[in-house]
Amino acid sequence: MSVFGTVAKQLKSHPALIPLFIFIGGGVTMSATYLARLALKNPDVSWDRTNNPEPWNKLEHNQQYKLFAINMDYSKLKKDRPDF
Amino acid sequence: MSETIDEKLKNYRTAPFDARFPNTNQTRNCYQNYLDYHRCNKALAAKDQDQTPCQWYMRVYKSLCPMSWVAKWDDQMEDGSFPGKI
């Protein structure tokens, strides 16, 4: 609690520091959200191996996990593998 | 639009893109197809159906996997010491 008080006082006397906090804060948020996406959504990650043994098999045949997929039109993919 | 499995096997050229494994590292793709081949054989044999559809998985893993891995896993399957879940 005292940290925020000190920081707020310093910002009032040096307002040019505010953009610094904005950009550092933005960077921290982006890193944290990307790590959270990796931990929770990545099909290679399995937190519970008894109930979720092969999470990559749960992807649809044209479902995209990558953020940017260049030269790959996922909507045109057909299902290839035979069922059993 | 879907071809029969015989047509697919006849027209097979190489392993198609698999959305489960979009990155450069295709190790898991190879292993998963090897597992799927044996699981498919086991499942269709239990249901007394023709095991030809399983050949798709064999073609894919033969395209993807290094021969030494396939040989090692086949030896392990014969011994009964294959570590994967079939």
Of A:Leu40, A:Leu17, A:Leu35, which residue is surrounded by 12 or more Cβ atoms within 10 Å (Cβ to Cβ), more than 9 Å from every other protein chain (Cβ to nearest Cβ) and part of a helix (DSSP H, G or I)?
A:Leu17
Any chance region B:24-42 includes a residue that's loosely packed, with under 13 Cβ neighbours inside 10 Å, of a type in the set (A, V, I, L, M, F, W, C) and on the phi < 0 side of the Ramachandran plot?
no
Within region B:13-30, can one find any residue that is over 23 Å from A:Tyr74 (Cα atoms) and at pLDDT below 95?
no
Which numbered condition in (1) within 10 Å of another protein chain (Cβ to nearest Cβ); (2) part of a helix (DSSP H, G or I) is the only one that A:Ser75 fails?
(1)
Within region B:5-15, the count of residues that are at the interface with chain A (Cβ under 10 Å from one of its Cβ atoms) and free of Cβ contacts under 8 Å to residues at least 24 places away in the same chain comes to 0
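Which of the residues spanning region B:43-52 are in a helix (DSSP H, G or I) and surrounded by fewer than 17 Cβ atoms within 10 Å (Cβ to Cβ)? First the steps, then the outcome.
Here is the first cut: in region B:43-52, the residues in a helix (DSSP H, G or I) are B:43-46, B:52.
Residues satisfying the conditions are B:Ala43, B:Ala45, B:Ala46, B:Thr52.
The values are calculated or read from the model by the stated rules, or taken from the named source; none is laboratory data. All of these numbers come straight from a predicted model, not from anything done at the bench. Positions of Cβ are generated from backbone atoms using ideal geometry, with glycine treated the same way; all protein chains shown enter the neighbour counts.
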